[in-house]
Amino acid sequence: MKTTLDIQDEVLILCQQKAQERGISLDEIINESIRWALKTQGIMLDQDIALQHFEYDLPTSGAGGVQPGVNLDRTSDLIDLMEGHL
């Protein structure tokens, strides 16, 4: 979306310098700055929520780990194992 803003000279110069240092456009540095300011106010945009990384603790039973011979990349083998076919 395009819009017109009045940006203080000092702010514009700092944004231009930072954009040049990072090798990104002025548009990108201004958008990043606005997103950061919104986040500090507790406002999350849909794109930011989608990019969040979540850490999960997946507990295992017994000694932990997978059973010998189980390949977690082969879903058909896992289904067979869970259904008692192996």
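Brief remarks on what is shown
- Peptides 31-40, 71-80, 3-12 ranked from most to least packed by the mean count of surrounding Cβ atoms within 10 Å: 31-40, 71-80, 3-12.
- Semi-axes of the equivalent ellipsoid for the range 9-51, Cα gyration tensor, largest first, Å: 22, 12, 6
- Residue-by-residue Karplus 3J(HN,Hα) for the range 11-19, coefficients 6.51, -1.76, 1.60, Hz, glycine and proline x: 5, 4, 4, 5, 5, 4, 4, 5, 4
Only the coordinates and a few stated rules stand behind these numbers; no lab work does. Keep in mind the model is a prediction, meaning the values are calculated, not measured. Glycine gets a Cβ as well: all are built from the backbone with ideal geometry, and neighbour counts include every protein chain shown.
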